[in-house]
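The values are calculated or read from the model by the stated rules, or taken from the named source; none is laboratory data. These numbers come from a predicted model, not from an experiment. When we count neighbours, we look across all protein chains shown, and the Cβ atoms used for this are built from the backbone with ideal geometry, even at glycine. For accessibility, only protein heavy atoms count, side chains too; no ligands or nucleic acids. Shrake-Rupley method; radii C 1.70, N 1.55, O 1.52, S 1.80 Å.
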Amino acid sequence: MGEFKHLVFSGVQPTGNLHLGNYLGAIRKFVALQESHDCIYCVVDLHAITAQLVHDDLPGQIRSITAAFIAAGIDPKQHIVFNQSQVPQHAELAWIFNCVARIGWMNRMTQFKDKAGKDRENASLGLLAYPSLMAADILVYRATHVPVGDDQKQHLELTRDIAMKFNMDFMAKIRAAGLGTDIVVGDEPVHAYFPMVEPMIEGPAPRVMSLKDGTKKMSKSDPSDLSRINLLDDAETISKKIRKAKTDPDALPSEVEGLKGRPEADNLVGIFAALSDRSKADVLKDFGGQQFSVFKPALVDLAVEVLAPVNGEMRRLMGDPGYIDSVLRDGGARAGARAEKTMKEVRDIIGFVQ
Ligand code: TYM
């Protein structure tokens, strides 16, 4: 049995300000994975036009996400950082996946239902097909590992379904072309061209919640800015938002079990744990029995200590758009070469004359 070469891919949309959820659920993991893996990180600008077509400053948003990647510690020389639209092979493979995926699969996506709202007939076709493009982003590099927050889990399951259907439908042709690898999926041996991606969701903050309501996800689209910490917030704003964060009247428990049914406490302890690369259990060893009046100032200090350097470096980089654009161009060229290698094979497998 064979194995696909390990490769990490992930993407972030250039829509709205990046917040602590994006940082802890995704970007901080991207940084850590560079030590052990070959990594490709993408600013997914084609996805950005699915929910809203016209943006005030799309170039500025693309550069700001790129600046956040680099400021957080991603090395664009050792790895690859680029924006999706520079590599048209993503859109080409997405089209093929639109013909692999079934409309029923797309209709079941909870993010589509949330974003389309009540007026589904009026959502863009791109919003419905969003997960096909996401599958293409990953599989055009035949990436194996995808670090994301918990909200992307369903999209990654769909990516596996698309890969599996492609592998099954074209298995004879994949073999005949001398391509692909024998893998086991479940108990079944499969001759696969595309790998079954592994989502990397674990960690203490896979789903960072709103500071105003521990049952709602921290999100770019929440109308209250007090609900989230933005990566560009200064120390004073971070401190104000944490001090005003909703809590309950009890002291913190000494065990993780005690966080059950206390969503706000659970969220703040998870944030503390993720920011300090510890487990929640470990954090509660220090703070169990303490009131929020003690815990919150400690969280403010930690958040400022971790985020201030990222904030400063992000601002500096955003003042140098020429450098950012050169990173994206260089990354785009290197990503494009890899993507084209896959697409040549995919065109052959399908039977397009080239
Ligand atoms: P996006 O741009 O909404 O979010 C970027 C990353 O941040 C994570 N995230 C969170 N994690 C924890 N708590 C939160 N409150 C929170 N909010 C956001 C997201 O899970 C994500 O990892 N569809 C993707 C972008 C994408 C992609 C891809 C990702 C396009 N192609 C291929 C991986 C692989 C999205 O909209 O992420």
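Taking 2.2 N^0.38 Å as the expected size of a compact globular protein, what ratio does the Cα radius of gyration of the chain give against it, to two decimals?
Scaled against compact globular proteins, the figure is 1.04.
Per residue, how much accessible area does the chain have with a 1.4 Å probe, in Å²?
46 Å²
Rank these by accessible area, largest first, 1.4 Å probe: Cys39, Cys99.
My answer, sorted largest first, is Cys99, Cys39.
Give the carbon-plus-sulfur fraction of the accessible surface of the chain in %, rounded to a whole number; probe 1.4 Å, heavy atoms of protein chains only.
Whole-percent figure for carbon plus sulfur exposure: 52.
What number, rounded to the nearest 500 deg cm²/dmol, is the helix-based mean residue ellipticity at 222 nm of the chain, given -39500 (n - 2.57) per DSSP H run of at least four residues and division by all its residues?
Result for the chain: -16000 deg cm²/dmol, rounded to the nearest 500.
Helix 292-318 versus the longest principal axis of the chain: what angle, 0 to 90°, nearest 10, using Cα atoms?
So the inclination is approximately 50 degrees.
Given the chain, what percent of its DSSP beta bridges are antiparallel, to the nearest 5?
If we restrict to bridges inside the chain, about 35 percent are antiparallel.
Could you give the size of the charge dipole of the chain about its Cα centre, using +1 on the Cβ of each K and R and -1 on the Cβ of each D and E, expressed in debye and rounded to the nearest 20?
I would put it at about 480 debye.
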